[in-house]
1. Where in the stretch 19-119 are there GluC sites (Glu not before Pro) that are in a DSSP coil and have at most 14 other Cβ atoms within 10 angstrom of their Cβ?
2. Convert each backbone phi in the stretch 287-301 into a coupling constant with the Karplus relation 6.51 cos²θ - 1.76 cosθ + 1.60 (shift: θ = phi - 60°), then list the ³J(HN,Hα) values in order as whole Hz, x for Gly and Pro.
3. Using a 7 Å offset from the Cα along the Cα-to-Cβ direction at both V199 and V260, what is the distance between the two label points in nm, to one decimal?
4. With +1 assigned to the C-beta of every Lys and Arg and -1 to the C-beta of every Asp and Glu, and no other charges, what is the dipole magnitude of the stretch 119-261 about the Cα centre in debye, to the nearest 20?
5. Between rounded, prolate and oblate, where does the stretch 119-261 land on the alpha carbon gyration tensor, with a ≥ b ≥ c its root eigenvalues, rounded for a/c under 1.5, else prolate if a/b exceeds b/c?
6. Can you compute the modelled spin-label distance between I253 and D338, with each label point 7 Å from Cα toward Cβ, in nm?
7. What is the magnitude of the charge dipole of the chain about its Cα centre, with +1 placed on the Cβ of each Lys and Arg, -1 on the Cβ of each Asp and Glu, and no other charges, expressed in debye to the nearest 20?
8. If you take the beta carbon distance between A162 and K78 as r and set R0 to 35 Å, what does 1/(1 + (r/R0)^6) give as a FRET efficiency, to the nearest 0.05?
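Rule-based calculations on the coordinates, nothing more; no lab input. The shown structure was predicted, so the numbers you read here are calculated from the model rather than taken from an experiment. Cβ coordinates were reconstructed from backbone atoms using ideal geometry, including for glycine residues, and neighbour counts include every protein chain displayed.
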Amino acid sequence: MNYSIALVPGDGIGPEVIAPATEVLDAVGDLYGHVFHYVELEAGGKAIDSWGEPLPRATLDAAKQCDALLLGAVGGPKWETLPGHLRPERALLGLRAGLGVFANLRPAALLPQLKDACPIKDEVLRASNPQGKPHFDLLIVRELTGGIYFGERGRENEGKSAFDTETYSWEEIERVLRIGYRAAGLRRKRLCVVDKANVLESSRLWREVASVVAQEYPEIETSYLYVDNCAMQLIRAPGQFDVILTSNLFGDILSDEASVLTGSIGMLPSASLSDFVPGHKGPMGMYEPIHGSAPDIAGKDLANPLGTILSVGMMLRYSFNLEQEAAAVEAAVQAVLDSGLRTKDILNRNALPGTEKLVGTKAMGEAVYTALLKA
Ligand code: NAD
């Protein structure tokens, strides 16, 4: 089949991590008989330089015509002094809203090969893992286009007081819950709704909606947790979680917390969806690694491209319904890690001599490409 993919390499390390990811996609195409057609677009700092705005209309319009969007990262010191509405990161909000992608899926799994990069002790990890292994594998599903980041805000009292508003409608909560339940159905069939229902009225609505939607998914075990407890449980016993489903603000914070437990921000992919029905090709989805443009390492061949490559895996699974291809990309990443190749961010300085080899962005990408073709 043919697929069109909007490519937004962006700023900093963005183009460096996008290049190997498209090579891996091309290898998937060659192996499985698909054609991926790329439409390269500008957003973020690059778009500010050439168009005077972070998200030109032309970029959004062209992206909407594609089957999926793959983004590297946007932002950097060059644009930091611009007013808020002209900052590169505005492009992310504009793309999410413009593409209607309201559910953000962020897997956070501790891969066995990177176990030593996790700041949590082995025995703590083992205690919460159902098989007693020092690992965890969870998925955070975050509502992405509502809540306090989009609510009414302002200043009063001559600027001396400020307010932001958390507002959610039944429909907004229900639609993200459905995606969470469907994703849980593909995993270990457990979904934990995280809120602050002991204090916030909007959170009480989340529980109310969840209790209704849960009845449609009797095969999924639903539980509820307050966000402060969840933040603690993620450190205390991450192995207890399968899918965590939560609001925009809570999801933003919890997913960053979870990312630290996996060892490196460079390893983690994400998908932002407007729908997902297992077994069917999905509507336009947006895929990106969770890291930023990392200006400190940009242009040095130091960036870890695996988060972007795994984002491509999510694209194959969630937008194109190509499960076998997605699994092949994930297996190739595992094979490369098994072989001992490491970018600097995931190198274990205490590893036994000869077990790990430091490589750059390009070599890591090529290794995944080769592993995919060899499998
Ligand atoms: P960052 O994620 O860019 O970097 C944080 C740290 O992680 C840095 O030390 C960096 O070197 C390291 N790092 C990040 N990605 C890596 C990778 N793939 N491999 C190895 N190391 C990696 O976060 P930041 O420094 O807070 O932000 C830098 C810029 O990126 C800012 O302008 C910020 O607004 C922007 N940003 C963009 C996005 C996005 O485009 N989705 C997300 C977050 C931050």
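1. E80
2. Listing the rounded values in order: 10, 7, x, 7, 6, x, 7, 6, x, 5, 10, 4, x, 10, 6 Hz.
3. 1.9
4. Value, rounded to 20: 540 debye.
5. Oblate, since a/c reaches 1.5 and b/c is not below a/b.
6. 4.0
7. Details: 36 positive and 48 negative charges, 128 e Å.
That gives a dipole near 620 debye.
8. 0.80
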